[in-house]
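Asker: To start, I am sharing the structure in question, which I have written as structure tokens.
The values are calculated or read from the model by the stated rules, or taken from the named source; none is laboratory data. Keep in mind that what you see is a predicted model, and the values were worked out from it rather than measured. Because the Cβ atoms are built from the backbone with ideal geometry, glycine has one as well, and the counts that use them run over all protein chains shown. These area figures cover heavy atoms from the full protein model, side chains too; ligands, DNA and RNA do not enter into them. Shrake-Rupley method; radii C 1.70, N 1.55, O 1.52, S 1.80 Å.
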Amino acid sequence: MYRVAVIPGDGIGPEVIDGAVRVLKAVTDRIRFEYYEGGLDVFRECGSPIREDDLDEIRRSDAVLFGATTTPFDLPGYRSLILTLRKELGLYANLRIIPELKGGREIVIVRENSEGLYSGIGSVVNERAVDVRLITREGAERIARFAVEQAKVRGSFITFVHKANVLIGDKFFRRIVLEVAEEEGVEVKDAIIDSFTIKLVRKPWEHGVILSENLFGDILSDLATVHAGSIGIVPSGNYGEEIALFEPVHGSAPDIAGRGIANPIGAILSGAMLLDYLGLDGSLIRTAVSNYVRDGELTPDMGGRARTDDVVRGIIGEIENLLSMDEVWRDEIRVSRLESDISRMAGLRLHP
């Protein structure tokens, strides 16, 4: 039995995570879900977006399923919950998969998750604000190796997106990426961030595994969601050495929270990535989602009128259909093998 920590968050987070958990339960009974609070209300209570005791329990989990939280711009001392979790759990690699559900294609973006301008190092002194863009050899090497593995799995290449023509940190980062890729026998193509944004809009499916530092990767992966039809269907995984966290890339969307119209597909596909990480195979969920999107009613962000629960129930219905078909197929195989075994054994002399 696997332990999965569930942090629904706020805004539409609890709505979409409830749907994802229901879908996961329709696929497997090998997960025990344990729920934790996190976000602004917890910060007001204890000065941190997540309780230390809860964080200790989460560290002992096999994986985390996260919804979304609202991060205020002007609350002194508040650091967003997801950034806190990435730091505390050592989640250095972010994998965002932007799917074209009706066409079967996807954009794969690997983003360094712990450094860059999101390092949290900075200050405001004498009316001057400074944010430190940190890139270390350790950080660059491990994200390069992560991207290399993604490229190998897909039989693909890496497009490394950077600003090495201007930024010292990117020159350093690029050199390390090229070293690692050459060692592993994976091709790397260079792309300058400004011109690459145009390519990503015009020809999104031609770039293999896209690799970039934290800020560039964040922006590129949000931009790429236009090719999915909605940011609401895009899943992501945050990976560390000991644990991984899975979340839809959309925010908390407080303007539609509680209205029952949030798109749960991003959270559901994040659940499929979670299953893959645990070795349980998320392909059944991905197939069910693709089948549903082809013929089912969609939420307003995708031009439909469906409610969140309609989509969840529709996807679970597709899963049940797939499982029923698979059971029939397995039964046919069992009967066929049983008849073959009986025929073979009829000619054998059995010894007591």
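Asker: Quick check on this structure: which one of 32, 79 is open to solvent by 50 Å² or more (accessible area, probe 1.4 Å) and at pLDDT 95 or above? Outline the logic, then answer.
Answerer: Working: 79 fails: at pLDDT 95 or above.
Among 32, 79, only 32 is open to solvent by 50 Å² or more (accessible area, probe 1.4 Å) and at pLDDT 95 or above.
Asker: Here's another thing I want to ask about it. Only one residue in 281, 276 is under 24 Å from residue 83 (Cα atoms) and without any contact (Cβ under 8 Å) to a residue 60 or more places away in the chain, so which one is that? Talk me through it step by step, then tell me what you get.
Answerer: On the way: 281 fails: under 24 Å from residue 83 (Cα atoms).
On inspection, the qualifying residue turns out to be 276.
Asker: Within the stretch 35-59, restricting attention to residues that are outside any helix (DSSP H, G or I) and out of contact with any strand residue (DSSP E or B) (no Cβ under 7 Å at 6 or more places or on another chain), which residue is most open to solvent (accessible area, probe 1.4 Å)? Don't jump to the end; show me each part of the working.
Answerer: Taking the stretch 35-59 as the starting set, the residues that turn out to be outside any helix (DSSP H, G or I) are 35-39, 47-51.
Checking which are out of contact with any strand residue (DSSP E or B) (no Cβ under 7 Å at 6 or more places or on another chain) leaves us with 37, 47-51.
Details: 37: 112, 47: 52, 48: 36, 49: 10, 50: 5, 51: 59 Å².
For the stretch 35-59, the residue satisfying everything is 37.
Asker: Only one residue in 138, 149 is out of contact with any Leu (no Cβ under 6 Å at 6 or more places or on another chain), open to solvent by 80 Å² or more (accessible area, probe 1.4 Å), within 16 Å of residue 95 (Cα to Cα) and free of Cβ contacts under 8 Å to residues at least 12 places away in the same chain. Which one?
Answerer: Numbers: 138 fails: within 16 Å of residue 95 (Cα to Cα).
Among 138, 149, only 149 is out of contact with any Leu (no Cβ under 6 Å at 6 or more places or on another chain), open to solvent by 80 Å² or more (accessible area, probe 1.4 Å), within 16 Å of residue 95 (Cα to Cα) and free of Cβ contacts under 8 Å to residues at least 12 places away in the same chain.
Asker: Sticking with this one: Among the residues of the stretch 251-264, which ones are of a type outside the set (Ser, Thr, Tyr), open to solvent by less than 20 Å² (accessible area, probe 1.4 Å) and within 14 Å of residue 68 (Cα to Cα)?
Answerer: Just the residues of the stretch 251-264 that are of a type outside the set (Ser, Thr, Tyr), to begin with: 251, 253-264.
Narrowing further to those that are open to solvent by less than 20 Å² (accessible area, probe 1.4 Å): 260, 262-264.
262, 263, 264 - these are the residues of the stretch 251-264 that are of a type outside the set (Ser, Thr, Tyr), open to solvent by less than 20 Å² (accessible area, probe 1.4 Å) and within 14 Å of residue 68 (Cα to Cα).
Asker: If you take the residues in the stretch 265-282 that are at pLDDT below 95 and at negative phi, which one is least open to solvent (accessible area, probe 1.4 Å)?
Answerer: Going through the qualifying residues, I end up with 282.
Asker: Assess whether residue 201 counts as being buried (at least 16 other Cβ atoms within 10 Å of the Cβ) and over 19 Å from the mean Cα position of the chain (by Cα). If you could, list the steps in order and put the result at the bottom.
Answerer: Values: buried (at least 16 other Cβ atoms within 10 Å of the Cβ): no; over 19 Å from the mean Cα position of the chain (by Cα): yes.
No.
Asker: Go through (1) open to solvent by less than 10 Å² (accessible area, probe 1.4 Å); (2) closer than 26 Å to residue 120 by Cα and name the single condition residue 219 misses.
Answerer: (1)
Asker: All but one of (1) over 30 Å from residue 224 (Cα atoms); (2) without any contact (Cβ under 8 Å) to a residue 24 or more places away in the chain hold for residue 32; state the number of the condition that does not hold.
Answerer: Going through the list (1) over 30 Å from residue 224 (Cα atoms); (2) without any contact (Cβ under 8 Å) to a residue 24 or more places away in the chain, residue 32 breaks only (2).
Asker: Residue pairs, Cβ under 6 Å, 6 or more apart or interchain, first in the stretch 116-131 and surrounded by 12 or more Cβ atoms within 10 Å (Cβ to Cβ), second in a strand (DSSP E or B). List them.
Answerer: What qualifies is 117/131; 119/134; 131/122.
Asker: I would also like to ask the following. When you check residue 208 against the structure, is it over 15 Å from the mean Cα position of the chain (by Cα), of a type in the set (Gly, Ala, Ser) and open to solvent by less than 60 Å² (accessible area, probe 1.4 Å), yes or no? Walk me through how you get there before you give the answer.
Answerer: Numbers: over 15 Å from the mean Cα position of the chain (by Cα): yes; of a type in the set (Gly, Ala, Ser): yes; open to solvent by less than 60 Å² (accessible area, probe 1.4 Å): yes.
Yes; evaluated as a whole, the condition is true for this residue.
Asker: Within the stretch 60-76, take every residue that is among the hydroxyl-bearing types (Ser, Thr, Tyr) and open to solvent by 30 Å² or more (accessible area, probe 1.4 Å) and give me the one that is farthest from residue 9 (Cα to Cα).
Answerer: Going through the stretch 60-76, the residues among the hydroxyl-bearing types (Ser, Thr, Tyr) turn out to be 61, 69-71.
Of the ones still in play, those that are also open to solvent by 30 Å² or more (accessible area, probe 1.4 Å) are 70-71.
Numbers: 70: 8, 71: 11 Å.
That would be 71.
Asker: Can I ask one more? Of all the residues that make up the stretch 222-250, how many are open to solvent by less than 10 Å² (accessible area, probe 1.4 Å) and among the hydrophobic types (A, V, I, L, M, F, W, C)?
Answerer: Result for the stretch 222-250: 7.
Asker: Which of (1) assigned to a loop (DSSP other than H, G, I, E, B); (2) β-branched (Val, Ile, Thr); (3) surrounded by 15 or more Cβ atoms within 10 Å (Cβ to Cβ) is the odd one out, the single condition residue 166 does not satisfy?
Answerer: Looking at each condition in turn, residue 166 falls short on (3).
Asker: Also, quick follow-up: Of all residues in the stretch 67-113, how many are among the hydrophobic types (A, V, I, L, M, F, W, C) and assigned to a loop (DSSP other than H, G, I, E, B)?
Answerer: Going residue by residue through the stretch 67-113, those that are among the hydrophobic types (A, V, I, L, M, F, W, C) are 68, 73, 75, 81-83, 85, 89, 91, 93, 95, 97-98, 101, 107-110.
Keeping just the survivors that are assigned to a loop (DSSP other than H, G, I, E, B) gives 73, 75, 89, 91, 101.
Count: 5.
Asker: Please determine, by comparing only the residues of the stretch 15-29 that are over 17 Å from the mean Cα position of the chain (by Cα) and surrounded by 19 or more Cβ atoms within 10 Å (Cβ to Cβ), which one is nearest to residue 260 (Cα to Cα).
Answerer: Checking each candidate, the answer is 15.
Asker: I would also like to ask the following. Filter the stretch 299-348 for residues that are in a loop (DSSP other than H, G, I, E, B) and at pLDDT 50 or above; which is surrounded by the most Cβ atoms within 10 Å (Cβ to Cβ)?
Answerer: Step one: filter the stretch 299-348 for residues in a loop (DSSP other than H, G, I, E, B), giving 299, 303-307, 347-348.
If we keep only those that are at pLDDT 50 or above as well, we get 299, 303-307.
Numbers: 299: 23, 303: 9, 304: 15, 305: 10, 306: 19, 307: 18.
In this case the residue turns out to be 299.
Asker: Continuing with this model, one more query. Out of everything in the stretch 101-119 that is of a type in the set (D, E, K, R) and at pLDDT 90 or above, what residue ends up being farthest from residue 84 (Cα to Cα)? Write out each step before concluding.
Answerer: Filtering the stretch 101-119 down to residues of a type in the set (D, E, K, R) leaves 102, 105-106, 111-112, 115.
Narrowing the set further to residues that are at pLDDT 90 or above leaves 105-106, 111-112, 115.
Details: 105: 32, 106: 29, 111: 17, 112: 15, 115: 13 Å.
Ranking the candidates gives 105 first.
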